[in-house]
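Just so it is clear, none of the values below were taken in a lab; they were calculated from the coordinates. On a predicted model such as this, the values are computed, not experimentally measured, just so you know. Note that we place each Cβ from the backbone using ideal geometry, even for glycine, and neighbour counts take in every protein chain shown.
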Amino acid sequence: MGFEYSERVRRLPPYLFAEIEREVTEKKRAGADVINLGIGDPDLAPPKFVLRALAREARNPKNHNYSLSQGEPEFREACGRWMKKRFGVEVDPQKEIVGLIGSKEGLANLARAFVNPGEKVLVPDPAYPVYAQGAAILSDGTPVYFPLLEEDGFQARVEQLLPSGARLLYLNYPNNPTGAVAARETLEAIAEYCEETRTILCYDNAYCELTFDDYRAPSMLEFTRNAIEFHSLSKTFCVTGDRIGFAVGNAELIDGLRKVKSQVDSGPPVYVQKMAAEALDSYGGAGRPNEVEKRVREYARRRKILVGGLNKIGLRTKLPLATFYVWTRVPGGNSVEFTKKALQANVVVTPGAGFGQAGEGYVRFAVTQPKERIKEAIERLAGVV
Ligand SMILES: Cc1ncc(COP(=O)(O)O)c(C=O)c1O
């Protein structure tokens, strides 16, 4: 029939990962033993107390009705308590928090609330593709990229931003895909830039709990209250498929996001929100509860094995301080070519080019496989390198 996509959908760049996904599926179908270090989806199980809460709340018929589109008050109050315990940031759960069906939809829907056609949206390069595509392009805005460079420790630098500002700016630390954490000066400088240029500051803090050694990630709201911050329970509690997160911050920004969401969804399932409230309340203070700590320690051990192994086979790689990603330069500088060769050895990695132009020359590993599998992957990659 020839149904044409809308212009905004036609503006989306080609999906680089589609061919790789197709090849992986084919290999698996043919019975190949593929080690997938490509996706940021935990292989570890959610804590038992979280599963128990989910099962208990799902059994209650009352928890199967529509939620408030802003999220249930009980969940928002737990988010507020967590922000206070974790960051010392006090917020009003009524006006400064909105529940999300995973933080991804919130990051995208925020742009629908605030970006007019053609308006500029500042997006880091490399970055989680949702900022440029799900947010800017699908809201008819124009992404304007600023580089995160290795020589700057992947810090955003104000000199690289538009002097007159933009409608929105996305920033994400601990960072996907580089694993970098933000220097306090970076956060201060970006907060100041956004206030001076009246740019909406949208801070993605999805990985704040996946940090190693003594590093603890801050909240942008410790630096400015003129911002909106996105949190996710996905990685912290290994519940990526349950779709639960929240946005917190400036009341006008929260209200804009709530307005859009009230027209396009009806909030996360009530039983998932109740599970999430219990998960957040398991924090006794700023420190991670045992169940989270155990999982973070496992990722820490795996990343040491992976980084050690990569260095041994000639890929010079630094230990990241956060996230379950390891970002490394590839010989030859062509990330797609390296990814294809790795795939021939039955190891899946993600080509850096899929995260933006500045990502070319790198690949991303996710330590979402057991240690033995990571060691095996390194042996296989030795042949590729
Ligand atoms: C940087 C970043 N932000 C946000 C998300 C979305 O997480 P969720 O929608 O599961 O909360 C992801 C998921 O991989 C991510 O990498």
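Rounded to 0.05, the FRET efficiency of the Asn65 and Glu90 pair, given R0 = 30 Å and the Cβ-Cβ distance, is 0.45. If R0 is taken as 56 Å, the Cβ-Cβ distance between Ser266 and Ala183 corresponds to a FRET efficiency of 0.90. Note on Phe3 and Arg380: the model spin-label points, each 7 Å out from Cα along the C-beta direction, lie 3.8 nm apart.
For the chain, the relative contact order works out to 24 percent when only alpha carbon pairs closer than 8 Å and six or more residues apart are counted. Evaluated with a Cβ-only charge set (Lys, Arg +1; Asp, Glu -1), the chain carries a dipole of roughly 1200 debye about its Cα centre, given to the nearest 20. Springs between Cα atoms under 10 Å define the GNM used for the chain, and in it the highest mean-square fluctuation of Arg302, Arg225, Arg29 occurs at Arg29. Rounded, prolate or oblate: which fits the chain, taking a ≥ b ≥ c as square roots of the Cα gyration tensor eigenvalues, rounded meaning a/c under 1.5, else prolate when a/b beats b/c? It is rounded, given that a/c, with a ≥ b ≥ c, falls under 1.5. Computed from point charges on the beta carbon alone (+1 for Lys and Arg, -1 for Asp and Glu), the dipole magnitude for segment 259-385 about its Cα centre is near 380 Debye. For Glu151, the shell of other residues with beta-carbons less than 14 Å away shows a net charge of 0, using +1 for Lys and Arg and -1 for Asp and Glu.
The mean sequence separation of alpha-carbon pairs under 8 Å and at least six residues apart, normalised by the residue count of segment 223-333, gives a relative contact order of 16 percent. Between the listed residues Val24, Phe230, Phe212, the Cα displaced farthest toward the positive end of the dipole of the chain, a dipole computed from Cβ unit charges relative to the Cα centre, is found at Val24. Excluding same-chain neighbours fewer than eight residues apart, the lysines reachable from Lys28 by a Cα-Cα span under 30 Å are Lys104, Lys235, Lys304, Lys312, Lys340, Lys341, Lys371, Lys375. In a reduced charge model with +1 at each Lys and Arg Cβ and -1 at each Asp and Glu Cβ, segment 73-228 shows a dipole moment near 520 debye about its Cα centre.
In this rough spin-label picture, where each label sits 7 Å from Cα along the Cβ direction, the Arg297-Arg52 distance is 2.1 nm. Between Ser164, Ser219, Ser266, the Gaussian network model of the chain with springs among Cα atoms under 10 angstrom shows the greatest mean-square fluctuation at Ser164. When only Cα pairs below 8 angstrom with a gap of at least 6 residues are kept, segment 227-273 shows a relative contact order of 35 percent.
Rounded if a/c is under 1.5, else prolate if a/b is larger than b/c, else oblate: which is segment 262-358, with a ≥ b ≥ c the root eigenvalues of its Cα gyration tensor?
On the way: a/c = 3.05, a/b = 1.64, b/c = 1.87.
It comes out oblate by the Cα gyration axes.
When only alpha carbons are used to place a centre, segment 1-76 and segment 105-181 end up 23 Å from one another.
Under 18 Å from a point placed 7 Å out from the Cα of Arg216 along the Cα-to-Cβ direction: which residues of segment 314-343 have their backbone N that close? Residues 321-323 fall inside that zone. Sparsely packed loop sites in segment 1-79 (the GluC sites (Glu not before Pro) outside DSSP H, G, I, E and B with at most 11 other Cβ atoms within 10 Å) comprise Glu4.
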